[in-house]
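A quick write-up on the structure given underneath.
The values are calculated or read from the model by the stated rules, or taken from the named source; none is laboratory data. Note that the coordinates shown come from a computational prediction; the quantities given were computed from them, not determined experimentally. When we count neighbours, we look across all protein chains shown, and the Cβ atoms used for this are built from the backbone with ideal geometry, even at glycine. Just the protein is used for accessible areas: all its heavy atoms, side chains included, with ligands, DNA and RNA removed. Shrake-Rupley method; radii C 1.70, N 1.55, O 1.52, S 1.80 Å.
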Amino acid sequence: MYSQTKIAIPIFQKNTDDVITISKDCIKKGADILEFRVDGLKNPNLEDIRKAINEINFPMIITNRIDSEGGSFKGSEKERIDILKGCADLVEYVDIELQTDDKYIEELKNYNADLIVSYHDFEKTPELDEIYYIVEKEKELGDIAKVAFMPKNLEDTMKILAILSHYKDTIAISMSELGSYTRVMASKFNSPITFAAGTDVTAPGQIDIETMKALMNMDLPIEQ
């Protein structure tokens, strides 16, 4: 039985022409969704971004990641949010960080795109109770919760599986090679989306799309 979890491939390029080229290649490789990392653009311009989204014409997450969570956007917070708002009518999902001011998150709810409220820590994995707290806050604010943490040991990766087993409509990732298996196992817990690499690797431990598709569709049932 084929997995219902969608595979998203991040697109992180310096200009929109390359975004379009790489996106078309990732679609051919089997992506279900593209994640347009606007913060990768050298000079992000809303008109050019909208044109690129229209030309690609494929299910998309629009993301404009802040530097404290692994992003590269150099403008003001208002500029960052304005780009997301300016694209929200063209995409299926908008990703916004939990630490964003609540007023901006509320504004993004005014669009038809589903809101992914996310939290990333590239240094550590918190205790399970803290992760539960983060996910609960994300779920209060958006449609899909997302957490991604850096593991120090195997036990840290198991916390991610606990989150996936406990919550619906949640993306949970343990980064690095140690945690890469959680990206595959997400499908066994019916997580809505997992992330794989096409051309651009945007987080440690991302698996290439071809390998991800093969692993996800293996018959590996979880014993209840």
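Numerical summary
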| quantity | calculated |
| --- | --- |
| Accessible solvent surface per residue of the chain, calculated while the other protein chains remain in place, 1.4 angstrom probe, Å² | 48 |
| Neighbour-limited loop hits for chymotrypsin sites (Phe, Trp or Tyr not before Pro), segment 1-57 (at most 13 other Cβ within 10 Å; DSSP other than H, G, I, E, B) | Tyr2 |
| Where labels lie 7 Å past Cα in the beta-carbon direction, separation of Ala162 and Glu107 in nm | 3.8 |
| Accessible carbon and sulfur surface of the chain relative to its total accessible area, %, 1.4 Å | 48 |
| Given [x] 26, 21, 15; [y] 34, 23, 17; [z] 77, 25, 12, the label whose value is semi-axes √(5λ) of the Cα gyration tensor in Å derived from this model | [x] |
| Sites matching chymotrypsin sites (Phe, Trp or Tyr not before Pro) across segment 121-184 that sit in DSSP coil, with at most 16 neighbouring C-beta atoms within 10 Å | Phe122 |
